[in-house]
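The values are calculated or read from the model by the stated rules, or taken from the named source; none is laboratory data. Just so it is clear, the structure is predicted and the values come from calculations on it, not from any experiment. Virtual Cβ from ideal backbone geometry, glycine too; neighbours counted across all protein chains shown. We work out accessible area using only protein heavy atoms, side chains counted, and drop any ligands, DNA or RNA first. Shrake-Rupley method; radii C 1.70, N 1.55, O 1.52, S 1.80 Å.
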Amino acid sequence: MKSSAQNLTSGSLWRQILVFSIPLMLSNLLQVLFNMSDIAVVGHFAGSMALGSVGSTTTLVTMFTGFLIGLSGGINVLTALYLGARNKKSTSDIVHSAAVISLTAGLLLFLAGFTFSRQILLLLNTKEELIEGAVLYIRIYFLGMPALAMYNFGNAVFSAAGDTRRPLLYLSIAGVLNVFLNLFFVIVWNMGAAGVGAASAISQYVSAFLIIRDLLASKDIFQLRLSSLRLHPSSARDILRIGIPCGLQNSIFAIANLFIQLGVNSFSAIMVAGNSAAANSDALIYDVMAAFYTACASFMSQNYGAKKPERVMKSYVVSLTYSFGAGILLGGLLILFGEPFLSLFTSDPEVIAAGMKRLTIMGFSYGVSAFMDCTIAASRALGKSVVPTIIVILGSCVFRVAWVYTIFAWYKTIPSLYLLYIFSWTITAAAEIIYFRRVYRKTVSQMA
C-alpha cells in the first residue's frame, strides 16, 4: 500500500486546513448519522414511544462515546507530534500502545454501559413507558463500543498523518449499511428500538475492521503490527496524560447534560420527544465544527514537532476562523429550515413545535462554542490537557448544573433551560483563551 502520510509543515494553511477538514467533516457527520438514522427510522416506522425510548438514551450514548473520542484526540496529537519530528520509534510506540489502550477502553465501557444503563436512565427520570425500550436499545448499541474505540483509534492515526479521506470512505460504507439494516430490522422484522441498536453495532464493526485492516497493511512509519502490540510505558503515560483528561472532559460534559435532560424530563412527553428530535442538530453542527478542531490539533502538533512556531499560531487562527464561520452559517440555516429538519424525525406537529423552541435558541449559539473548543484543541496540541479540562469542568459543567438549580429552577421554562449553553460557552472560552496565550508564549520561548 502506498504511503498516505502528508507533510503539514509547509504550504498554504488556509487551503491545507480546508482540504484536510472536509473529508473529516463528512466522516464526523456520517458517524452522527448512525444515531440519527436510528431516531428517524423509529420515529416514522415504530411510533412516538420508540422514538422517545431511543431519544432518551442520547445523553448516555454521548457520555460513553465522548470518552472514546477524547481518548483518540490524545492519540492524534501525539502521533502528529512525532510524525512532524520524523521520529520513527516514538511514532511506532505511540501507535501500538494506543491500540492496546483503545481496545481496553472500548471493552470496559461496553461492560459499564451494559451493566449500569438501567440505573442511569432511572436517575434521569426516564418516563416509565419509555424505560424498557431505552434499556434494550442501549444494551444492544453498546455491543459496538469496542469497535467504535478501534475505529476512532485508526481515524486518529490516519488524521495525524494528514489522511482524512480513508476514514471517510470506510465510514461511508458502514453508514450505508447502517441505514439499510435500520430499515430491514424495523420494517421487515419489526424489531423496533432493538433493531436500530443492532444495526448501529454491526456497522461499527464494519468500519473498525476496514480501518484496522489498512493500518496493518500500511508501509508508513505508523504501520500497525500485531507482533508489536504492547504497552510502551512512556508512550502509554503520554496517551493517558493527554487522552484521559480529554475523554473525561467529554464525559463530564455529558454528565452535566444529564442535569439538562433531567430538566427537560420535567416537562411533557411531547416536549421530551421534541427535544430528542431537535438535539440531533447539536451533533450535526458540532461535528462539522469539530473537523476544524482536529485539524487545529494535527497541524499545530506537526508544526510544534517541526519547531515552526509561526505556523503553530497560524494553524490555530485559521482553524478558529473556519469553525466560527461554520457555526454561524449552519446555525442560521437551522433557524430558517428548522421545521423541515425536524420533520425528518417525526410527523407529529406538536413534537415539531416543541423542537423549534430548542432550535431557535441553539441556532444563535453554536458559533460561540468555536472559541472554547478550538482553543482547547490548541492547548492540547502543545501538550497541555489537564488545565483546559479543569477550566471546562468549572466554566461549563459546574456552571450548567448551578444554572439548572438556580435560573431554571426559578423560571421553570424551556428557554431558561436552553440559554445556559451560550452563557457557559462564553465564560469557558474567555478562560481558555487566557490560558492558551500563556502556554503559547512559553512554548515559543522554549523553541527559540
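Of note:
- Choice from Leu108, Leu168, Leu68 with maximal GNM fluctuation in the chain (Cα, 10 Å cutoff): Leu108
- Extension gain from Gln446 to Ile328, taking 0.36 nm per residue of separation minus the Cα-Cα distance: 38.8 nm
- Its Cα centre serving as origin, the chain has a Cβ charge dipole (Lys and Arg +1, Asp and Glu -1) of approximately 1880 debye.
- All other residues whose Cβ lies under 12 angstrom from that of Val77 are scored, Lys and Arg at +1 and Asp and Glu at -1, for a net of +2.
- Rounded to whole Å, the principal axis extents of the Cα atoms in segment 150-249 read 51, 32, 25, largest first.
- Over 22 Å apart at the Cα level, from the set Lys384/Lys442; Lys89/Lys442; Lys88/Lys314; Lys357/Lys412, are Lys89/Lys442; Lys88/Lys314.
- Percentage relative contact order, the chain, counting C-alpha pairs under 8 Å, at least six apart: 24 percent
- Highest mobility in the GNM of the chain, judged by mean-square fluctuation with C-alpha springs under 10 Å and restricted to Leu329, Leu83, Leu359, is found for Leu329.
- Working from the Cα coordinates of segment 259-318, the gyration tensor eigenvalues give, after taking √(5λ), semi-axes of 41, 10, 7 Å in decreasing order.
- Given charges at Cβ of Lys, Arg, Asp, Glu: segment 284-352 dipole, positive-most of Ser315, Val351, Tyr304: Tyr304
- When nucleic acids and ligands are ignored and a 1.4 Å probe is applied, Arg225 ends up with an accessible area of around 90 Å².
- Square roots of five times the Cα gyration tensor eigenvalues for segment 295-357, Å: 41, 11, 7
- Efficiency of FRET from Cβ geometry, Phe116 and Arg241, R₀ 25 Å, rounded to 0.05: 0.40
- Taking Cβ atoms as reference points and 15 Å as the exclusive limit, the residues near Ser159 contribute a net charge of -1, counting Lys and Arg as +1 and Asp and Glu as -1.
- Over segment 379-448, accessible surface divided per residue gives 51 Å², non-protein components excluded, 1.4 Å probe.
- Here the accessible area is traced with a 1.4 Å probe on the protein chains. For the chain, carbon and sulfur cover 70 percent of it.
- Helix 349-363 and the long axis of the chain differ in direction by around 30°, with both axes built from C-alpha atoms.
- Cα radius of gyration and Dmax for segment 163-211 (Å): 11.8, 40
- For segment 362-448, the pair-distance distribution built from all alpha carbon pairs, in bins 10 Å wide starting at 0, is 18, 41, 26, 11, 4, 1 percent.
- Accessible area of Thr426 in the full protein assembly, 1.4 Å probe (Å², nearest 10): 70 Å²
- Only helical runs count toward this figure. For the chain, summing -39,500 (n - 2.57) over DSSP H runs of n ≥ 4 and dividing by all residues gives -27000 deg cm²/dmol at 222 nm.
- Pair-distance profile P(r), taking every C-alpha pair of the chain, with 20 angstrom steps and integer %: 27, 59, 14, 0
- Using a probe of 1.4 angstrom and keeping all protein chains present, the accessible surface of segment 176-285 works out to 40 square angstrom per residue.
- Gyration tensor over alpha-carbon atoms, segment 200-358, equivalent ellipsoid semi-axes in Å: 38, 22, 17
- Translational diffusion of segment 293-438, µm² s⁻¹ [Kirkwood Rh, Cα pairs; Stokes-Einstein; 25 °C; 0.890 mPa s]: 146 µm²/s
- GNM result for the chain, Cα springs below 10 Å: residue of Trp189, Trp14, Trp425 fluctuating most strongly: Trp189
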